Amino acid sequence: MRGVALALAVLALTPAVEAQTRPLSLVTEARALAGIDDTAGISLGLFAAGVALRAAPALEVRAMALALAPFGAARDGREATAGGGGELGMVLSPFPAWPVRPFLAWSVGLLLFPRRPFLSGGDVYEGILSFGGGVEVSLSSRVTLRAQAQYAHLSNGQGLGPHNPAFDGVGGALGVGWSFGPARDVAPVWPEAPRGAQRPR
C-alpha cells in the first residue's frame with residue numbers, strides 16, 4: 001500500500017515537459033451528496049453534462065445541465081423531489097502541466113421542480129451553490145478523468161425561516177472530459193534548466 005501511495009506521489013510531483021491542452025471539452029459528471037443537519041437522511045444523486053472552455057492554462061469555465069434524483073427522507077419525514085436545471089462554474093488548476101493535477105471548483109445554478117417543491121414548505125425553484133476540490137488525470141491527449149470532494153447548498157432565496165427550507169450536503173463526484181480543438185502547449189511547472197555553453201577544447 002505504501003508503494004502505491006509513493007508511486008502516486010512521485011507521479012503527481014513529476015512535471016510533464018510536453019503537456020498540452022485544448023480549448024473546448026465535452027464533460028459529464030456524476031455526483032452523490034448526503035444531507036447534513038436538518039436534512040440528514042436525504043441523499044441526492046446529480047448527473048451533469050455540458051461544455052467547458054479553457055479560458056487560460058489554469059482556468060476552465062463550465063456550463064452544465066443538471067438532473068437531480070433524491071433518495072431517503074429526513075428525520076421529520078420530509079422527502080425531496082426530483083428536478084432539473086443548469087449551472088455555471090469555474091475550475092482552477094494551479095499546476096496545469098502536472099500529469100496529476102489538483103484543482104478547486106465553484107459553481108452556481110438554478111433547479112426547477114414543476115410538479116411540487118423540492119422540500120415541503122419551499123418553492124418550485126431552488127438555487128444551488130457548490131464548491132470542492134480534487135484531482136484530474138489525463139488518460140490520453142483528449143480524455144481526462146476527474147474525482148473531487150464536494151459541498152452543496154440548495155435553497156430558494158426567500159430569506160431565513162420555515163418558508164425557505166434548505167438542503168446542505170457533502171459528498172463526491174466523478175467526471176470524464178473529452179477535449180477537442182487544436183492542441184496548445186502548456187509550460188511545465190519546473191522548466192528545464194538552460195544548458196551552459198560548452199567549453200572550447
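Quick look at the numbers
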| item | result |
| --- | --- |
| J(HN,Hα) series, region 72-78, from Karplus relation 6.51 cos²θ - 1.76 cosθ + 1.60, nearest Hz, glycine and proline x | x, 8, 6, 4, 8, x, 5 |
| Amide H contacts of G172 (H built 1.01 Å from N, under 5 Å, at least 5 apart or other chain) | A32, Q150 |
| Label point distance in nm, Q158-R116, each placed 7 Å from Cα along Cα→Cβ | 1.6 nm |
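Taken together, the values in this text are just the output of simple stated rules run on the coordinates, not laboratory data. All values derive from a computational prediction rather than experimental measurement. Every residue, glycine among them, receives a Cβ derived from its backbone with ideal geometry; neighbour counts consider all protein chains shown.
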